[in-house]
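Q: Below is the structure I would like to discuss, written out as structure tokens.
Every number in this text was worked out from the coordinates using simple rules, so none of it is lab data. Not measured: the values here are computed from a predicted model. Cβ: placed from backbone, ideal geometry, glycine included. Neighbour counts: every protein chain shown.
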Amino acid sequence: MPEPATTSLPPTDAPVPLRSHPGPGWACFWVLIFLVLTQIPGALIASGIMVLQILFDPERSRQLTEMGVRSYMAAGHATAALIAGLGTAQLLTWILGMAISRRVLGKTWRQQVGWVATDSFGLAMGMTMGLGIFLFAEGLVHLIRSWVPHIAGESELQGIFSSWPWWLGVLVIGLGPGIGEELWCRGFLGQGLVKRLGVVFGVGFTSLLFGIMHIDPAQAIYAAALGVFLHALRLGTGSLVPPMIAHTLNNSLSMLAVCADSPARDGLESFEAQVQMHPGLVLLIGCLLCGSVLWLLRNSRSPNSAGSNP
């Protein structure tokens, strides 16, 4: 007797991507969801702590009335509230990135977004790229500061973060976005946009969204530019780990430059003085460092990059 016909079923652990995802429309939707579910809760927590502090401390209420909100924060009076709010936002970024990636991409989401181990070559490329994008960003910010506004002034931002313990600044502002934003942008959004639009337009659109996520006009410009370098590092190594290292190093150096108790503050302040005098040169050196990483990746590809998903 002939055997009965059977229907071939896909493996139970196979990813089931959404057909409408992740084109440009869905990517914009996910960025909006990201901002609503991570930044708003963090802002509410920071605001709630500030309100409680003012209610139970009349002196704080007087200072806020006399100084205004921005000057009050720049003077370091809202340090605890900001640490709690920004820390919450970073934690939610990690949770949301992992949860959405798992829900949309299935059980193999780690492989699809590139959250896989890298080798010593990839680690070295991540650290070199981190230094390169730090120099690039410093030079670019000084070149555009006269015609692109900041939501908060440079002196206000330094005042806000100068009272933070340096290790906490590195943890919240360095490691937090270094992992969470890379998982979300170069991982979840990037893997889909590159597949849908191709490398050039996929990387470009992902980087544009990465810049928009930073809201502040000046920060958005250099964040979008850095996003291109970080995405090229992700594609060249086949892993999210090198761009996570680069992103963390860039942010951490920025925090070490402003935290009052930072062991590297004096050296970084001296470097800042040189940047102010020669921003174009610093920008060029940053470009050369980033370009050397991309050249090495093209000509001496890491073993982990072979056969990896874009």
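Q: Taking the Cα-to-Cβ direction at residue 158 and at residue 56 and moving 7 Å from each Cα, how far apart do the two end points lie in nm?
A: That separation, rounded to one decimal, is 3.4 nm.
Q: What 222 nm value per residue comes from the helices of the chain, counting each DSSP H run with n ≥ 4 as -39,500 (n - 2.57) and dividing by all residues, nearest 500 deg cm²/dmol?
A: Calculated from helices alone, the mean residue ellipticity at 222 nm is -22000 deg cm²/dmol.
Q: Got a sec? Charge dipole of segment 108-305, +1 on Cβ for Lys and Arg, -1 for Asp and Glu; which of 286, 225, 238 is way out at the positive end?
A: Positive-end residue among those listed: 238.
Q: Shifting gears a bit: From the phi of every residue in segment 39-52, what ³J(HN,Hα) in whole Hz does the Karplus formula 6.51 cos²θ - 1.76 cosθ + 1.60 yield, where θ is phi - 60° and glycine or proline is x?
A: Each residue's phi maps through the Karplus curve to give 7, 5, x, x, 5, 5, 5, 4, 5, x, 5, 4, 5, 5 Hz.
Q: For helix 241-256, what angle does its Cα long axis make with the longest principal axis of the chain, in degrees from 0 to 90 and rounded to 10?
A: 0
Q: Something else about it: Nearest 20 debye, what's the magnitude of the dipole of segment 156-310 about its Cα centre given +1 on Lys and Arg Cβ and -1 on Asp and Glu Cβ?
A: Rounded to the nearest 20 debye, it is 860 debye.
Q: Separate question: Classify segment 108-305 as rounded, prolate or oblate from the Cα gyration tensor: take a ≥ b ≥ c as the square roots of its eigenvalues, call it rounded if a/c is under 1.5, otherwise prolate when a/b beats b/c and oblate if not.
A: Prolate is the answer for segment 108-305, as a/c is 1.5 or above and a/b outweighs b/c.
Q: For residue 200 and residue 108, compute 0.36 nm times the residue count separating them, minus their Cα-Cα distance, and round to one decimal in nm.
A: Answer, rounded to one decimal: 30.6 nm.
Q: Within 10 Å of each residue's Cβ, count the other Cβ atoms and sort 115, 164, 26, 147 from fewest upward.
A: Ascending number of Cβ neighbours within 10 Å: 147, 26, 115, 164.
Q: Quick one: if you stick a label point 7 Å off each Cα along the C-beta vector at residue 91 and residue 40, how many nm between them?
A: 2.0
Q: For the residues 93, 237, 108, what sequence is obtained by ranking on other C-beta atoms within 10 Å, fewest first?
A: Arranged by neighbour count, lowest to highest, 93, 237, 108 become 108, 93, 237.
Q: With charges set only on the Cβ (+1 for Lys and Arg, -1 for Asp and Glu), what does the dipole of the chain come to about its Cα centre, in debye to the nearest 20?
A: Once rounded to the nearest 20, the dipole reads 1000 debye.
Q: Which semi-axis lengths, in whole Å and largest first, follow from the square roots of five times the eigenvalues of the Cα gyration tensor of segment 202-267?
A: Equivalent ellipsoid of segment 202-267: 25, 17, 7 Å, largest first.
Q: So how do 213, 127, 244 line up by other beta-carbon neighbours within 10 Å, fewest first?
A: 127, 213, 244
Q: Shifting gears a bit: So what's the net charge close to residue 114: Lys and Arg +1, Asp and Glu -1, counting the other residues with Cβ under 10 Å from its Cβ?
A: +2
Q: Now for a different question. For residue 33 and residue 265 in one chain, what is 0.36 nm times their gap in residues minus the Cα-Cα distance, to one decimal in nm?
A: Separation in residues times 0.36 nm, less the Cα-Cα distance, equals 79.9 nm.
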